[in-house]
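The structure appears right after this line, and notes come after that.
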Amino acid sequence: MKLKPLCYRFANSPVACPLFSSAAICLALLFFSPFVVSAAELPPGTVINASNIDTFKNDTFEQHPISELIPPSIERLVREFKLNVKIKHSEKYPLDSSLVSLTKKYSPSVRLNEKTKQIENYVAGIAFPDIRSDDPNAGYKVMWNNFLLYSLINNGEIVNSSLLLIDQKKGLEQVQSFKFSVVPMVGRVDEPHVIGKGDIAKRELLVFTEPYDLRGLGTFTIRYMDGRPDETSAYLKSVRRIRRLTGGAWMDPVGGADYLYDDINGFNAHPSWYKDFRYIKRKWILGLVLRTPPRVKGAATLADEFTGVDLKNPPYWNPTMDWEPVEVDVVEAITPPEHPYSKKIYYISVGIPGFATMAEFYNKKGTLWKIDLLGSRAKFVDTKGRKIPAAGYMNYVIDILRGHASVTFGWDVTHIDLKPEDVSIDKLLEVVK
């Protein structure tokens, strides 16, 4: 019995193909090869780790490819630093109705000065709610939304926070606690939306409460809308005096931590201090989103107290919370020449404009230096009938070159009508003494 050539039909035309032609081989591989891998939708609760990431990268979650949901920097943490990524379905929270109405009322008048990159006509609400990828100033607009993030906290807040210093080999080295207060002066949700002349963006007060050698150290900062240097005064416990810090302090390291003042909450600078912000794209990634308290006060051990970080297993800094898909705008931030970094890559939440989901910091050689994982404040609290997206925060800054991390948790948040005089040098002196 003779074998007849196989025949297939392409584009409604019969094409004769010998059994061992290239087309036949391709079709045979397609239908019979054991190496063909079909994409699957992963169920929530799946844990992606170093042993299975290559298998799962071809799959999807909420219809997004895993290979797209996990940026290369996070993949590096999975492969080299034993990070376990447990996925969960994303949750959407509506913005407060007051913020929505203020955005609708005032955002049409907001302008970005093409020459100075300064914002103009801003009163309240989200400055740039609709950012197009083809807008040449899209990167600046994303970061201006981030700069004005504090306006989402209404009239002010006081946050009790803890900073964990963690070594990759030694584990937890120290726990520092501090109280942070901020009062927005522009963009306030409640009336008046602007306090004073509108030239001051916010007033901040930070005071350390432990350990003993840091207790009483504090700083008071005024940040301006027009980009002039911050006015920062520090109380030095050793000399019991107030000292004025230089305008370049925003690029300095924070004590023994792994981040700069510029890195607090991912981005803690005025947009005009950077050389440029280049919009890259909008995409979905897996991000940490704060749903439950990461700290249990009064626990028997520190490992049981700080449940948001795995203090029991190397490298001791990995987050234990679940990860969920977050839509982000990706922006490349080009730093000034004197900055310790050459650039940063920001992943800024689209759902709650201004909340950074993560960031990457690169050294002068262009090598990835630090990875910053931030928990979006997606757990809302009711305040005066309003839902405020600021129930807490978390910030993991991982120095992958040094093998060290600084993990900050803030959950004990009090929303309060702070007056400007409540956040001042006089108040700093009153608190530290």
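Numerical summary
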item: Any hit, segment 107-129, residues being in contact with a helix residue (DSSP H, G or I) (Cβ under 6 Å, 6 or more places away or on another chain) and among the aromatic types (Phe, Trp, Tyr); result: yes
item: Qualifying residue in segment 295-304 (condition: open to solvent by less than 20 Å² (accessible area, probe 1.4 Å) and touching a Lys or Arg at 6+ places or on another chain (Cβ under 9 Å)); result: no
item: Criterion violated by residue 362 - all others in (1) over 17 Å from the mean Cα position of the chain (by Cα); (2) hydroxyl-bearing (Ser, Thr, Tyr); (3) open to solvent by 30 Å² or more (accessible area, probe 1.4 Å) satisfied; result: (1)
item: Lone unmet requirement of (1) closer than 20 Å to residue 355 by Cα; (2) within 24 Å of the chain's Cα centre (by Cα) for residue 102; result: (2)
item: From the options 113, 121, 137, 84, residue that is under 21 Å from residue 321 (Cα atoms), out of contact with any His (no Cβ under 6 Å at 6 or more places or on another chain) and at pLDDT 95 or above; result: 84
item: Within segment 256-289, considering residues that are open to solvent by 60 Å² or more (accessible area, probe 1.4 Å) and touching a residue at least 24 places away in the same chain (Cβ under 8 Å), the one nearest to residue 329 (Cα to Cα); result: 282
item: Qualifying positions in segment 290-347 - under 19 Å from residue 49 (Cβ atoms), in a loop (DSSP other than H, G, I, E, B) and in contact (Cβ under 8 Å) with a residue 40 or more places away in the chain; result: 308, 311, 313, 314, 315, 316, 317, 318, 321, 322
item: Segment 94-116 residues that are within 17 Å of residue 139 (Cα to Cα) and in contact (Cβ under 8 Å) with a residue 40 or more places away in the chain, paired with ones that are open to solvent by less than 50 Å² (accessible area, probe 1.4 Å) and of a type in the set (Asp, Glu) (beta carbon under 9 Å, 6 or more apart); result: none
item: Output for segment 113-141, where each listed residue is of a type in the set (A, V, I, L, M, F, W, C) and in a strand (DSSP E or B); result: 119
item: Filter result for residue 142 (open to solvent by less than 20 Å² (accessible area, probe 1.4 Å) and either over 21 Å from residue 270 (Cα atoms) or modelled with pLDDT of 95 or more (or both)); result: yes
item: Whichever residue in segment 237-264 is farther than 21 Å from residue 398 by Cβ, in a loop (DSSP other than H, G, I, E, B) and among the aliphatic types (A, V, I, L, M) and, among such residues, is modelled with the lowest pLDDT; result: 239
item: Hey, residue 248 touching a residue at least 24 places away in the same chain (Cβ under 8 Å), surrounded by fewer than 21 Cβ atoms within 10 Å (Cβ to Cβ) and touching an Asp or Glu at 6+ places or on another chain (Cβ under 8 Å) or not; result: yes
item: Complete set of residues in segment 53-64 that are surrounded by 13 or more Cβ atoms within 10 Å (Cβ to Cβ) and either in contact with a helix residue (DSSP H, G or I) (Cβ under 8 Å, 6 or more places away or on another chain) or assigned to a loop (DSSP other than H, G, I, E, B) (or both); result: 53, 56, 57, 58, 59, 60, 61, 62
item: Residues that are in a loop (DSSP other than H, G, I, E, B) and either open to solvent by 40 Å² or more (accessible area, probe 1.4 Å) or of a type in the set (Asp, Glu) (or both), drawn from segment 94-112; result: 94, 95, 96
item: Test result for residue 91, part of a helix (DSSP H, G or I), under 19 Å from residue 326 (Cα atoms) and either among the acidic types (Asp, Glu) or at pLDDT below 95 (or both); result: no
item: Selection within segment 158-176 - farther than 15 Å from residue 265 by Cα and open to solvent by less than 10 Å² (accessible area, probe 1.4 Å); result: 164, 166, 171
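Yes/no per residue for (1) open to solvent by less than 40 Å² (accessible area, probe 1.4 Å); (2) among the acidic types (Asp, Glu); (3) touching a strand residue (DSSP E or B) at 6+ places or on another chain (Cβ under 6 Å):
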position	(1), (2), (3)
306	yes, no, no
310	no, yes, no
313	no, no, no
324	yes, yes, yes
329	yes, yes, yes
334	yes, no, yes
338	no, yes, no
349	yes, no, yes
356	yes, no, yes
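Residue-wise test of (1) out of contact with any Asp or Glu (no Cβ under 9 Å at 6 or more places or on another chain); (2) closer than 18 Å to residue 127 by Cβ; (3) buried (at least 16 other Cβ atoms within 10 Å of the Cβ).
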site: 184; (1), (2), (3): yes, yes, yes
site: 191; (1), (2), (3): yes, no, no
site: 199; (1), (2), (3): no, yes, no
site: 209; (1), (2), (3): yes, no, yes
site: 213; (1), (2), (3): yes, no, no
site: 216; (1), (2), (3): yes, no, yes
site: 222; (1), (2), (3): no, no, yes
site: 231; (1), (2), (3): yes, no, yes
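A quick yes/no check of all residues on (1) more than 16 Å from residue 226 (Cβ to Cβ); (2) of a type outside the set (Lys, Arg):
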| site | (1), (2) |
| --- | --- |
| 136 | yes, yes |
| 161 | yes, yes |
| 177 | yes, yes |
| 185 | no, yes |
| 188 | yes, no |
| 194 | no, yes |
| 202 | no, no |
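The values are calculated or read from the model by the stated rules, or taken from the named source; none is laboratory data. Just so we're clear, the structure is a prediction, and the values are computed from it rather than from any experiment. In this analysis, Cβ positions are derived from the backbone assuming ideal geometry, glycine residues included, and neighbour counts consider all displayed protein chains. For the accessible areas, the whole protein counts, side chains as well, though only heavy atoms, and no ligand, DNA or RNA atoms are used. Shrake-Rupley method; radii C 1.70, N 1.55, O 1.52, S 1.80 Å.
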